[in-house]
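Chemist: Below you'll find the structure I mean.
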Amino acid sequence: MQLFVNDLTVMDFSYLCPKRGMVGESWIVDVILDGELNEESMVQDFGHVKKNLKRLIDEYVDHKLLVPAEYSGSEVIHDDDSEQVEARFTCIDGRSIMLHCPAEAYAFVYSDEINMESVGVYLKEVLATHLPENVENITLHLREEVINSPYYHYTHGLKKHDGNCQRIAHGHRSRIDIILDGKVCVESQQYWADRWADIYIATREDEIAYSDRKLKGQVPNEADYYCFAYESSQGYFELLIPKSDCEVIETDSTVECLAQYLLEEQKKRTPNGVCQVIAYEGVGKGATVKG
């Protein structure tokens, strides 16, 4: 007997890619459980599936930075005294990305690449140890939202958030709608999709000097890099990332602030008429502003 649950959850996370750098992502999770009927004549209660499996997925992947531990350009250094982890990542074009964060901010996937297959194997191993005795197997189907308009991948951190959004490197795959005088402007949507392709969106006040960083890894030319850091309720977070991969804004990077920023920047491009921005944060949620 098989029990299936579609749209169990959406995983919003970022991962390190040898070609693209730091990539924000949003994947939808469907699950299938194979097993015998229990004493309630069920494979498992839907409520338990949704609650327990979603909790585990949130704990092990959601709002984390996924690191391909077997990629030759990955280096991970654990500090047992502080429980901080320094991750150093070198892209194939020589760009460096480094982080100094609490261990909970990462997921280390034993593969040379982060993709749906490797993450599916990682998650299946985690979930299999938490299944009831009558469940013999679990199948995970990871998929992207179907978006038939321009979209971008972005990564950010929200230091004021009291949950996992405070982690400095988590992200989303998001559509963007720009409406000018009541009509969808595909050209403007494509402009933002290109401008924010695989972008890190940082807050200006989080920038620190290269000399003030706690990261021990070095880069050949520090002038080509930003360093951002903050202390929040989960601990100290620090990120070193190429300036070419960033957009630095003066506000926090909540989706509400991003929608306002998009509107202000878009009005510089198209000053006449009424503009509405609908900014998404992953799947099925976001903020909109008009002006």
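Chemist: Counting other Cβ atoms within 10 Å of each Cβ, which GluC sites (Glu not before Pro) in segment 240-286 have at most 14 and sit in a DSSP loop? Mind dumping the intermediate values first?
Modeler: Details: sites: Glu247, Glu250, Glu256, Glu264, Glu265, Glu281; in loops: Glu250, Glu281.
Those that pass, being in a loop and sparsely packed, are Glu250.
Chemist: Across the chain, where is the longest run that never hits trypsin sites (Lys or Arg not before Pro) in a DSSP loop with at most 16 other C-beta atoms within 10 Å? Spell out each step's value before the answer.
Modeler: Values: sites that count: Lys19, Arg20, Lys160, Lys214, Lys216, Lys285.
The longest uninterrupted stretch comes out as 21-159.
Chemist: For the modelled label position 7 Å from the Cα of Lys267 along Cα-to-Cβ, which residues of segment 273-291 have backbone nitrogen atoms closer than 14 Å?
Modeler: Correct set: 273-277, 289-291.
Chemist: Then there's this: With θ set to phi - 60° and the Karplus curve 6.51 cos²θ - 1.76 cosθ + 1.60, what are the ³J(HN,Hα) couplings of segment 64-69 in order, to the nearest whole Hz, using x for Gly and Pro?
Modeler: Karplus-based 3J(HN,Hα) across segment 64-69 equals 10, 9, 8, 10, x, 5 Hz.
Chemist: Just to check I understand the Karplus step: with θ = phi - 60° and J = 6.51 cos²θ - 1.76 cosθ + 1.60, what whole-Hz values come out for segment 6-14, glycine and proline as x?
Modeler: 8, 6, 4, 6, 10, 8, 9, 7, 10
Chemist: Right, something else. Could you tell me the accessible area of Glu187 in Å² (1.4 Å probe, neighbours in place), rounded to the nearest ten?
Modeler: 100
Chemist: Could you sort out which of Lys64/Lys124; Lys159/Lys267; Lys19/Lys54 sit more than 26 Å apart by Cα distance in this structure?
Modeler: Working: Lys64/Lys124 17 Å; Lys159/Lys267 28 Å; Lys19/Lys54 30 Å.
The answer is Lys159/Lys267; Lys19/Lys54.
Chemist: Further question: Determine the per residue accessible area of segment 219-291 with all protein chains present and a 1.4 angstrom probe, expressed in square angstrom.
Modeler: On the way: 3300 Å² over 73 residues.
Averaged over the residues of segment 219-291, the accessible area is 45 Å².
Chemist: Is the chain rounded, prolate or oblate when judged by the Cα gyration tensor, a ≥ b ≥ c being the square roots of its eigenvalues, rounded requiring a/c under 1.5 and prolate requiring a/b larger than b/c?
Modeler: Details: a/c = 2.10, a/b = 1.24, b/c = 1.69.
Since a/c reaches 1.5 but b/c is at least a/b, the shape of the chain is classed as oblate.
Chemist: Just to confirm my numbers, what's the Cα centroid distance between segment 77-147 and segment 203-258 in Å?
Modeler: So the separation of the two Cα centres works out to 22 Å.
Chemist: May I pose another question? Determine the relative contact order of the chain: mean sequence separation of Cα pairs under 8 Å and six or more apart, normalised by residue count, in whole percent. Present the calculation step by step, with values, prior to reporting the outcome.
Modeler: Values: 637 pairs, mean separation 56.2, N = 291.
RCO, the chain: 19 percent.
Chemist: Just check segment 193-291 against the gyration tensor rule for me: Cα atoms, a ≥ b ≥ c as the square roots of the eigenvalues, rounded for a/c under 1.5, and otherwise prolate or oblate depending on whether a/b exceeds b/c.
Modeler: On the way: a/c = 2.62, a/b = 1.88, b/c = 1.39.
Note, shape of segment 193-291 comes out prolate.
Chemist: Rolling a 1.4 angstrom probe over the protein chains, ignoring ligands and nucleic acids, what is the accessible area of Ser82 in square angstrom, nearest 10?
Modeler: Ser82 has an accessible surface of roughly 60 Å² with all protein chains in place.
The values are calculated or read from the model by the stated rules, or taken from the named source; none is laboratory data. Predicted model only: the values in this text are computed from it and were never measured. In this analysis, Cβ positions are derived from the backbone assuming ideal geometry, glycine residues included, and neighbour counts consider all displayed protein chains. Each accessible area value is taken on the protein alone, full model and side chains, heavy atoms only, with ligands, DNA and RNA left out. Shrake-Rupley method; radii C 1.70, N 1.55, O 1.52, S 1.80 Å.
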